[in-house]
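One structure is given here, and the rest of the page talks about it.
The values are calculated or read from the model by the stated rules, or taken from the named source; none is laboratory data. What you see is a predicted model, and the numbers here were worked out from it, not measured in a lab. All Cβ positions, glycine included, derive from the backbone under ideal geometry; neighbour counts span all protein chains shown. Please note that ligands, DNA and RNA were not included when accessible areas were found on the heavy atoms of the full protein model with its side chains. Shrake-Rupley method; radii C 1.70, N 1.55, O 1.52, S 1.80 Å.
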Amino acid sequence: MRALIKLLPITFIALLMTACGGGGSGGTGGDASNKPSPWQATTKAFDPDCSDCPVVIEYSAQESAHGSSIQIKYDPTVDDEVAQWGNCVIQVLQCIENSSDLRPCIAIPECPASCQTAYQEAGGDSADLASQFDAFEAVFTDDDAPCLPATEGQ
C-alpha cells in the first residue's frame, strides 16, 4: 500500500503530461547522452496552441481568488514520447490497482520492450513489491531513468 500511495503523484503527472502533450525532443530523461530512445517515432506532435482540442478541465476566474482561469485541453492523437510514456505509466498504474505484483503490469504493449528489460535488470523481477516499485521508479520516473522521455529545456 505504501508503494501505491507513493505513486499517486506519478499518476497525476502522467495524466497531466498525456493530456497536455510534452513537446518531447527525443532522447531519454535527464540523461543528455546519445542513447537511442525506447519510444516510437512521433507521427502527431504536440501542438501547444491546441486550438481545436476539447477542453477537459476548466477552472474559471469566478472560482479563483486571483481572477484567472485555466483550461486543460486533450488531443488523443498526439503520440510524442511524453504521450507514449504517459500511456505506458497510466496502464501500469491501472493494472497494479487490481494486483499485488507489478511484474505483469510492466509486460504490456504500451511499454517498450527495452523498458521492460531495463525494469527486470533494475530488480523488477524480485518477488518483493517494494523492490518492484523501486525498479519502476528507476526505469520510468527518476531524473536519469532510461525510459523517461526528454522534454524541452532538458
How far, in nm, would the chain grow between residue 55 and residue 77 when pulled straight, counting 0.36 nm per residue and subtracting the alpha carbon separation?
6.5 nm
Output ordering of 107-113, 81-87 (per-residue mean of other Cβ within 10 Å, highest first) is 81-87, 107-113
Under a plain spin-label model, where a point goes 7 Å from the Cα along Cα-to-Cβ, how far apart in nm are residue 127 and residue 40?
3.7
So with the 1.4 Å probe, I'd like the accessible area per residue for the range 76-140, rounded to whole Å².
41
If you average the C-alpha positions of the range 120-154 and of the range 71-113 separately, how far apart do those two centres end up, in angstrom?
14
